[in-house]
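All of the numbers you see were taken from the coordinates with simple rules; none came from a lab. Computed from a prediction, not measured in an experiment: that's the story for all the values here. With ideal geometry, Cβ positions are generated from the backbone for all residues, glycine too; neighbour counts draw on all protein chains shown.
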Amino acid sequence: MAVEQSAPPLRPGGRDAAPVLPEPRGPLSRAVIEALAGRSPGGPARPGAAAPLPRDAGSADPYGDDLQLALHVCYELHYRGFAGVSPDWEWDPELLRLRGALEAVFLDALRAGTAAPATARAGRDARTELEDALDELLVEPADGGGGVTGHLRDAGERWQLLEHAAHRSVYHLKEADPHAWVIPRLRGRAKTALVAVEHDEFGGGRPDRIHAGLYADLLEDLGLDSAYGAYVDAAPAPMLATVNMMSCFGLRRSLRGALVGHFAAAEITTAPAARRMARALERLGAGPRALLFYTEHIEADAVHEQVLRHDVIGGLLADEPELAADVTFGVRATGLLEDRLAAHLLGAWGSDPPRSSLRRPLAGAAPGDRIACG
């Protein structure tokens with residue numbers, strides 16, 4: 001029997017409302033969230049409120065829910081912040097010290113997970129390794145599968161489509177924002193080209209074409225909540241990690257090369273994935289507002305791929321050739337985290353019986369339900 005999913009009640013202020021603090025997932029995220037909720041930055045805690053922030057990450061799993069949520073909350077202070085939380089927390093020294101400790105654990109794991117064996121590096125310079133990493137992104141799977149988007153195109157059910165949309169909302173509702181931080185850290189050809197790409201991402205001068213806004217339209221077309229941060233509590237660590245990586249690279253000038261590498265990897269792989277998603281949405285009966293987000297990306301990102309590779313990366317390395325290894329790191333780290341997320345989604349959906357890939361299943365969208373879109 002078909003289950004109709006009604007649109008969730010809108011948050012006061014609609015899609016532009018400030019997000020609320022998420023629920024903690026462990027001692028690190030609890031310490032951060034309780035500090036933000038319980039006192040002013042740099043001030044004493046209210047009676048019975050937050051304890052002092054930890055001084056390090058302890059033995060936290062770098063890819064676990066606790067560390068990833070703690071990082072997410074720290075980073076969100078640099079975006080829109082949280083309802084009821086002082087904006088002065090953004091530059092609180094104690095919180096920044098903890099964030100640095102969390103980032104160190106996360107970055108160590110990313111570097112370990114992307115390190116090429118010594119035999120693979122023998123006789124190859126950093127620029128060659130980068131070109132190889134970029135070339136690999138252009139190779140479509142021999143079986144035509146395409147991972148998560150291929151599954152949704154060929155065999156995905158509507159509840160899986162909705163879960164995928166909820167996952168991706170954690171990034172797409174701030175699409176291109178993390179990459180803007182690298183602009184003042186570039187110069188010349190690289191800066192000009194990256195700004196041109198960002199101009200497209202932000203609507204090309206048309207507020208109604210800002211990509212983050214198009215994604216909010218997609219969510220509403222599917223009957224989902226379009227408010228910024230609406231699905232953070234539902235998003236598991238593999239999804240949070242993909243966005244935390246962008247924020248980490250963007251906020252650290254020392255990782256400007258990695259941010260450029262990430263952006264290039266994202267743009268190179270977006271057009272084929274967007275084509276698969278457009279077919280999935282058509283097959284599952286989504287409306288035109290949902291389709292527009294992906295059809296907009298098919299042509300635009302095919303152009304962006306060339307701009308990122310030849311002008312942004314080419315310009316950056318003409319100015320700073322020593323950053324080639326960092327650009328490669330950004331490309332590889334993006335692939336690593338996207339593969340982890342894909343394994344999580346496909347593992348949940350392919351289990352027997354299928355289970356939700358979210359920490360909190362969507363209302364009216366249980367595995368096996370046929371949910372009306374539009």
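Note on the chain: helix-only mean residue ellipticity at 222 nm, from DSSP H runs of 4+ residues weighted -39500 (n - 2.57) and normalised by residue number, equals -18000 deg cm²/dmol.
Net length available on complete extension from Asp319 to Glu296 is 5.1 nm, with 0.36 nm assigned per residue and the Cα-Cα distance removed.
The residue among Gly100, Phe293, Val170 whose Cα reaches farthest toward the positive pole of the charge dipole of the chain, with charges on the beta-carbon of Lys, Arg, Asp and Glu, is Gly100. What shape does the chain take by its C-alpha gyration tensor, where a ≥ b ≥ c are the square roots of the eigenvalues and a/c under 1.5 counts as rounded, a/b above b/c as prolate, and the rest as oblate? It is rounded, given that a/c, with a ≥ b ≥ c, falls under 1.5. Taking the number of Cβ atoms within 10 Å of each Cβ as an exposure proxy, the fewest-first ranking of Met239, Met245 is Met245, Met239. Neighbour counts of C-beta atoms inside 10 Å place Trp89, Trp181 in the sequence Trp181, Trp89, starting with the fewest. On full extension, the segment bounded by Asp154 and His310 gains 52.8 nm, given 0.36 nm per residue less the C-alpha separation.
In terms of its C-alpha gyration tensor, the range 105-263 comes out oblate, because a/c is 1.5 or above while a/b does not outweigh b/c.
Projecting the Cα atoms of Leu152, Phe329, Leu240 onto the charge dipole of the chain, computed from C-beta unit charges around the Cα centre, puts Leu240 farthest toward the positive end.
Taking Gly26, Gly213, Gly257 as the candidate residues, the one with maximal mean-square fluctuation in a Gaussian network model of the chain, Cα springs under 10 Å, is Gly26. Within 10 Å, at most 15 other Cβ atoms, and a DSSP state outside H, G, I, E, B define an exposed site. Report the longest part of the chain free of exposed trypsin sites (Lys or Arg not before Pro). Result for the longest clean stretch: 188-354.
Taking other C-beta atoms within 10 Å as the exposure proxy, Ser357, Ser247, Ser254 rank Ser254, Ser247, Ser357 from fewest upward.
In debye, nearest 20, what is the charge dipole magnitude of the chain about its Cα centre with +1 on Lys and Arg Cβ and -1 on Asp and Glu Cβ, if you could check?
My answer is approximately 600 debye.
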